[in-house]
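The structure under discussion appears below in the form of structure tokens.
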Amino acid sequence: MKFNTKVIHAGVHPDSATGAIMTPIYQTSTYVQDEIGVHKGFEYSRTGNPTRSALEDSLAAIENGKYGACFGSGLAAIDCIIKMLNPGDEVISTNDLYGGSYRIFKTVFEKYGIKFHFVNMLDVENIKNNINENTKLIWVETPTNPMMNIIDIKAVVDLVKNKNIMVGVDNTFATPYLQRPLDLGADVVMHSVTKYLGGHSDVVMGALVTADDKIAEEIYRIQNSSGAVCGPMDSFLVLRGIKTLHLRIQRHCENGVKVAQFLKNHPLVDEVYWPGFEDHPNHDVAKSQMKNFGGMVSFTLKGDDIEKSKKIVSSTKLFTLAESLGGVESLIGHPSTMTHASIPREERLKSGVKDSLIRLSVGIEDADDLVSDLTNAMS
Ligand SMILES: *Cc1c(COP(=O)(O)O)cnc(C)c1O
């Protein structure tokens, strides 16, 4: 089945009890047993719920994996991955990553004896220098948030071949429409479903997908033991969102090009970070591992003028000032004071997150209206 068919059909079947074509919202905590241990596959909704199962199967299919697991948030999904490790284990992570991922690594898991190395993965040689016998996980985020750096997933996978090291990819920005890390050899894919997969800014959810039986067994054990699951109503909303994923991302990409080009020619703008530009440092990798370049665009202002950028983010009318991304509506954010405020300034600057940096999640409105909104806010 091709991707555009999978988003509509994979994992979902007409309801066997009623014939309902849409997966019902099974708003139930428990399930009747005919006698002890005899049931229809569901016992308790932390362990499994039919609406969530349909979504988990759909996600597994569109990522070309075998197993999907959904969580109460993207960070709960990351929490599950790190809980597969033991004290003394080491993780090598992208240095320029989602602020909340940095925070859970540093402030939650470090005290349990897990060590995190944050490295610039634009050059995969930097990973090599940090690998030792304790290394158990390479955590890759690409494109990175908010710098839109591109990391060569296949090169990372090749580096740890035949070593007992898992490669996990945060595929939130690209979505499986643009990039499928499991096809490139990664072991597990993570999503903040909150963003493009949900797509309508109405759900907080996370997911993991893998094709590996052993990893899946661990994921389900932790999902059930720690209990950070999502509810049936949210699962239903995301099942609905996924049906238009291909159409939405196509339009996000079309609008993304137009906004990126507009910014590149704007006199106030210093740098525009968007992997579709030929002079983007890893444009060739982006072209080979992604189908298109997405709708996330970041830019800085000349003189790194933070006051001007604060003014811009509060002057746009269509681009709404808010955290998050990936919804149908356009959003604008100021990473250094919002999404990335939890990262110390020196760390932030090291990965290029300057004070004036503005991040856009370009929505699927009319591109001309989006460009005029930015024109007005920047004049
Ligand atoms: C939002 C986000 C997360 C965290 O997901 P939540 O659903 O907010 O918990 C992780 N990674 C990336 C790239 C994100 O954008």
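The values are calculated or read from the model by the stated rules, or taken from the named source; none is laboratory data. Since we're looking at a predicted model, the values are computed, not measured. FYI the Cβ positions are ideal-geometry reconstructions off the backbone, even for glycines, and counts take in every protein chain you see. Only protein heavy atoms, including side chains, enter the accessible area calculation; ligands, DNA and RNA are left aside. Shrake-Rupley method; radii C 1.70, N 1.55, O 1.52, S 1.80 Å.
So the values come out like this:
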read-out	value
Sum of side-chain charges, ILE364 neighbourhood, beta-carbon under 11 Å (Lys, Arg +1; Asp, Glu -1)	-2
Computed FRET value (nearest 0.05) for ASP270 with SER29, which takes r as the C-beta separation and R₀ as 51 Å	0.45
Angle between the chain longest axis and helix 232-242 axis [Cα atoms, degrees, rounded to 10]	50 degrees
Sequence-distant lysines (8 or more away, or on other chains) whose Cα lies within less than 18 Å of LYS308	LYS264, LYS317, LYS354
Cα gyration tensor, the chain - rounded (a/c under 1.5), prolate or oblate	oblate
Between helix 245-264 and the chain: long-axis angle, C-alpha atoms, 0 to 90°, nearest 10	10 degrees
Where labels lie 7 Å past Cα in the beta-carbon direction, separation of GLU43 and THR337 in nm	5.2 nm
Local electrostatic count, GLY168, Cβ distance below 12 Å [Lys/Arg +1, Asp/Glu -1]	-3
Of all accessible heavy-atom area on segment 3-242, the percent that carbon and sulfur account for (1.4 Å)	50 percent
Between 0 and 90°, nearest 10: helix 367-377 axis offset from the chain longest Cα axis	50 degrees
Formal net charge of residues neighbouring SER201 (Cβ-Cβ distance under 15 Å; K, R +1; D, E -1)	-2
Computed FRET value (nearest 0.05) for ILE36 with GLU365, which takes r as the C-beta separation and R₀ as 51 Å	0.35
Over the chain: helical MRE at 222 nm, DSSP H runs n ≥ 4 each giving -39500 (n - 2.57), nearest 500	-9500 deg cm²/dmol
Among ALA216, PRO24, VAL160 the positive-end extreme of the charge dipole of the chain (Cβ point charges)	PRO24
Cut-off 12 Å, label 7 Å out along Cα→Cβ of THR107, residues of segment 344-367 by amide N	344
Computed label-point distance, nm, for sites ARG221 and GLU346 using a 7 Å Cα→Cβ extension	4.0 nm
Using a Förster distance of 35 Å, the FRET efficiency for LYS161-GLU329 (Cβ separation, nearest 0.05)	0.25
